[in-house]
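The next block holds one structure in the form of C-alpha cells; read it before the comments.
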C-alpha cells in the first residue's frame, strides 16, 4: 500500500493535485494535513466520493504547518512513518512587502517547511519530497532563471518571494546528504483551465486584479482614461492548472527526476494583452494607461480605488526582463502535447471571467 502525505489540499492547486493523484496513480492511502477537519471534508466532498468509489483511503490530520510537530500528537506522527511521498503545498500567499506582515508569512512558509522537514528528515521510507516553491522566488533577478539553486537576488518584491527562496535553501541544507529525491517545483501564476470553476480563483492573482479594474471602470461617472502603475512592455507568466498537474504527474513517473522544475508557460504574456482584455470586455474606450510612477494626491477617485487595493501587483506590472529556463519539462510537454497559452488566450479568458461575474449576480 503506497502512502502519501499532502499539505494544502484545500487550496486551488492542492485540490486539483489531490484529485489527480487519486484518479491517476497507484497511491492507496492519503494523509492530509488540514487546519479544520470539518471544513476540509466539506471543501473536498466531491473528491472524497471519488476516493471512496476507487477504494482509496483518505485520512485527515488536523494541524498547522506553522506549529512544532505540525500540531500533531505523537500517535499521529507515528502514523506518518510509512509515508513514501510528501507534497508540501500549504503556504501563506500574501504578496505583502509590509514589515507588519513578514512574521506571519515567514511563520507559515519558512518555519512551516522546516517543521515538515523535521518530521521526515530521518525517514527510512520516504522516497520523494515535492516542495511547491514559486517561479518568482528568483526575486528581482534579471535575465534567465535557471533550473537550479538561485543565487540570492539583490531584492525581493515581497516577503512571499523571499520566504520561498529561503525555503529552497533550507531544503537543500537538510537533505543534501540524504537518500531522498528532493523535487522543487516552481509554478508561475496559475490560472484555471477551460470549463473550470472561476469561483475558486476569483479573489486571487490576476482575477482579483481584473475585478478591481472592472469595479473602477464601473464607478466612473464620465468615461475617461485610467492610469495604473506598470510598463506597456511588461510581461507575466501564466500556466493553466490542467497543464501544471499533467506535467507534475509525468515528473512523478520519471525514473530519474531533476531537482528543479520551472513550471512555467513556454512564453511570457504581455500585461498589455491583459488590460486589453479588460477594456474589450467592458467596452472601455478611454482605456488604461501605464505609468511607472504616480503621485497619489493627483489620482482620480477610481485611480485611488485601484491603487489602494492592488499595491502588491505594482512590482509585477514593471517586469520586462525576466525569462525562465524550462528545459527540464520540454520533453514532457512534447509527450503530453501541452503547448501553453498566448496573448490571445488571456484576452479571451478575461472575457469569460467577466461573463462569469455577470452571471454570479
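Each value in this text was obtained by applying a stated rule to the coordinates, not by laboratory testing. Bear in mind the structure is a predicted one, so any value in this text is a computation, not a measurement. No Cβ is skipped: glycine too gets one built from the backbone with ideal geometry, and neighbour counts run over all protein chains shown.
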| Förster radius 25 Å - calculated FRET efficiency between residue 208 and residue 359, Cβ distance, rounded to 0.05 | 0.85
| request: Take each of the peptides 131-138, 222-229, average the number of other beta-carbon atoms within 10 Å over its residues, and list them starting from the highest. | output: 131-138, 222-229
| Which distance in nm do the two modelled labels at residue 93 and residue 24 give, with both placed 7 Å along the Cα-to-Cβ direction? | 2.0
| said: Below 8 Å, C-alpha to C-alpha, sequence gap of six or more: please give me the relative contact order for the chain in percent. | reply: 16
| note | Taking a crude spin-label model, label points 7 Å out from Cα along the C-beta direction, the residue 344 to residue 308 distance in nm is 4.1
| note | Relative contact order of the range 3-187 (C-alpha contacts under 8 Å, at least 6 apart) in percent is 21
| field | Using alpha-carbon coordinates, inclination of helix 205-218 to the longest axis of the chain, degrees | value | 30
| said: Can you tell me the length gained on complete extension of the stretch residue 67 to residue 337, counting 0.36 nm per residue apart and subtracting the Cα distance? | reply: 93.0 nm
| Using the beta-carbon distance between residue 178 and residue 289 and R0 = 56 Å, what value does 1/(1 + (r/R0)^6) give for FRET efficiency, to the nearest 0.05? | 0.60
| R0 of 25 Å, Cβ-Cβ distance residue 54-residue 200: FRET efficiency to nearest 0.05 | 0.65
| query | Any idea what diffusion coefficient the range 242-356 gets from Stokes-Einstein, in µm²/s, Kirkwood Rh on alpha carbon pairs, 4 °C, 1.567 mPa s? | reply | 76
| remark: For the chain, the longest principal axis of the Cα atoms and the Cα long axis of helix 159-175 enclose an angle in degrees, to the nearest 10, of 20
| query | Taking the highest mean first, how do the peptides 196-205, 277-286 order by number of other beta carbon atoms within 10 angstrom per residue? | reply | 277-286, 196-205
| request: Relative to the longest principal axis of the C-alpha atoms of the chain, give the angle of the C-alpha long axis of helix 327-336, reported between 0 and 90° and rounded to the nearest 10°. | output: 90
| Cα centroid of the range 329-355 to Cα centroid of the range 231-310, whole Å | 13
| request: Give the shape of the range 3-187 as rounded, prolate or oblate, defined through the alpha-carbon gyration tensor: a ≥ b ≥ c are the square roots of its eigenvalues, a/c under 1.5 means rounded, and otherwise the shape is prolate if a/b is larger than b/c and oblate if not. | output: prolate
